[in-house]
Amino acid sequence: MYSSNDLQDAIQAGQLRVLYQPQLTADGQKIVSVEALVRWAHPVHGLLGPGHFVPLAEKTGMIIELGETVLRQACQDAMRWPDLSIGVNVSPLQFRDPAYADKLEHIVRDSGLPFERLELEIVESSYFDDPDKADKILRRIRDLGIKIALDDFGTGYSSLSCLLRLPLDRIKIDRSFVSGIDTVRSASIVHAIIALARAIGLKVTAEGIETDDQQKFLRAAGAHMLQGFSFSMPVTAERIDQLLVSGEPIRGIT
Ligand code: C2E
Ligand code: MG
Ligand code: MG
């Protein structure tokens, strides 16, 4: 296990890396966005996924610094891709930082990235920790032009309340729904979620697309954007550069 000192040292030593996973149009033909996903390039244990250290960072409060590091890097990298928007995950604990919105504005402004190209991915507990505060922060962020996506939609306790109350631009349907679309029950739920989101003017991204059948289904069901290993794993910024030039391993329905 890692200690908070290890993580602090890692952040200071620049061992955090940001990978990017493409998000494509529903036909699977074009990358329109990327999601920033943090990794720890551990000198001994190799590239560690967020499951190994984000919970620790949340427990110790280090998530504030981690979140800022990822945001700064993601905005800077996104300047290379003028036609893409960029999704950045936000921990519910970052909302507890009274300076969060100020710091966010400052970091994005500093990078030169137009606010409209940034989409923050929040989870529903960000809201229910302190609804009034979250509402205030989210409205301020949206006034800047930054978009808000509700991540892992459907997995919490209050997804519908969030749709009712939160200022949102998009929902991201959790991959646990996508992976089950070969059953009538999951397929019906996914259809209903997309119809509901569309009815209230939200965009829909489906996460965790791993097969052609899932892609076809989600496209037909009306998802706007697709993301998953079927198209690409999370990759380096340099690899995104290459993908944008060559368009190469992105597979679409023919
Ligand atoms: P998430 O935001 O829902 O990100 C999607 C996760 O699903 C990523 O895992 C991605 O690699 C994985 N994924 C994408 N497509 C597929 C697929 O087709 N099949 C499967 N099985 N998995 C797929 P990752 O990178 O391990 O991230 C896990 C979670 O860690 C993220 O879930 C997010 O909640 C959190 N996270 C990642 N980066 C950050 C960050 O910078 N800050 C914060 N606060 N949380 C982060
Ligand atoms: Mg996310
Ligand atoms: Mg998710």
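The values are calculated or read from the model by the stated rules, or taken from the named source; none is laboratory data. A quick note: this is a predicted structure, and the numbers were derived from the prediction, not measured. Please note: Cβ atoms are built from the backbone with ideal geometry, for glycine as well, and neighbour counts cover all protein chains shown. The accessibility values were calculated without ligands, DNA or RNA, using every heavy atom of the protein model including side chains. Shrake-Rupley method; radii C 1.70, N 1.55, O 1.52, S 1.80 Å.
Kindly indicate whether any position in region 11-24 is on the phi > 0 side of the Ramachandran plot and away from ligand 2 (no atom under 16 Å from the Cβ). Before the answer, list the steps.
As a first pass, look at region 11-24 and keep what is on the phi > 0 side of the Ramachandran plot: 14.
From what is left, the residues that are away from ligand 2 (no atom under 16 Å from the Cβ) are 14.
Scanning region 11-24, I find at least one residue that is on the phi > 0 side of the Ramachandran plot and away from ligand 2 (no atom under 16 Å from the Cβ), so the answer is yes.
Taken together, the criteria place Gly145 among residues that are away from ligand 1 (no atom under 16 Å from the Cβ) and either closer than 24 Å to Ile200 by Cα or touching a Ser or Thr at 6+ places or on another chain (Cβ under 6 Å) (or both). Reported count of residues in region 42-100, each being under 26 Å from Arg239 (Cα atoms) and among the polar types (S, T, N, Q), is 5.
Check whether at least one residue in region 149-162 is more than 19 Å from Ala134 (Cα to Cα) and among the aromatic types (Phe, Trp, Tyr), and report yes or no. No, there is no match, as no residue in region 149-162 is more than 19 Å from Ala134 (Cα to Cα) and among the aromatic types (Phe, Trp, Tyr).
Of all the numbered requirements in (1) free of Cβ contacts under 8 Å to residues at least 60 places away in the same chain; (2) more than 13 Å from ligand 1 (Cβ to nearest atom); (3) farther than 20 Å from Leu19 by Cβ, Phe177 misses one, and that requirement is (2).
Yes/no per residue for (1) of a type in the set (Ser, Thr, Tyr); (2) within 16 Å of ligand 3 (Cβ to nearest atom); (3) not in a strand (DSSP E or B):
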site	(1), (2), (3)
Ser126	yes, yes, yes
Lys133	no, no, yes
Arg139	no, no, yes
Ala149	no, yes, no
Thr155	yes, yes, yes
Leu160	no, no, yes
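When Gln29 is tested against (1) within 30 Å of Ala220 (Cβ to Cβ); (2) within 16 Å of ligand 3 (Cβ to nearest atom); (3) open to solvent by 20 Å² or more (accessible area, probe 1.4 Å), exactly one condition is not met: (2). For region 77-89, indicate whether the set of residues that are under 15 Å from the mean Cα position of the chain (by Cα), farther than 23 Å from Gly228 by Cβ and either of a type in the set (Gly, Ala, Ser) or away from ligand 1 (no atom under 12 Å from the Cβ) (or both) is non-empty. No, every residue in region 77-89 fails to be under 15 Å from the mean Cα position of the chain (by Cα), farther than 23 Å from Gly228 by Cβ and either of a type in the set (Gly, Ala, Ser) or away from ligand 1 (no atom under 12 Å from the Cβ) (or both). Restricting Asp169, Asp110 to residues that are out of contact with any Phe, Trp or Tyr (no Cβ under 9 Å at 6 or more places or on another chain), open to solvent by 30 Å² or more (accessible area, probe 1.4 Å) and more than 16 Å from ligand 3 (Cβ to nearest atom) narrows the list to Asp110. Scanning region 148-158 for residues that are within 15 Å of ligand 2 (Cβ to nearest atom) and either more than 19 Å from the chain's Cα centre (by Cα) or open to solvent by less than 70 Å² (accessible area, probe 1.4 Å) (or both) returns Ile148, Ala149, Leu150, Asp151, Asp152, Phe153, Gly154, Gly156.
Among the residues of region 92-107, those that are out of contact with any Gly (no Cβ under 6 Å at 6 or more places or on another chain) and without any contact (Cβ under 8 Å) to a residue 40 or more places away in the chain comprise Pro92, Leu93, Arg96, Asp97, Pro98, Ala99, Tyr100, Asp102, Lys103, Glu105, His106, Ile107.
Residue by residue, here is whether (1) away from ligand 1 (no atom under 16 Å from the Cβ); (2) open to solvent by 70 Å² or more (accessible area, probe 1.4 Å); (3) not small (Gly, Ala, Ser) holds:
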| position | (1), (2), (3) |
| --- | --- |
| Val123 | no, no, yes |
| Ser126 | no, no, no |
| Pro131 | yes, no, yes |
| Ile137 | no, no, yes |
| Cys162 | no, no, yes |
| Ser186 | no, no, no |
| Ala195 | yes, no, no |
| Arg198 | yes, yes, yes |
| Gln227 | no, no, yes |
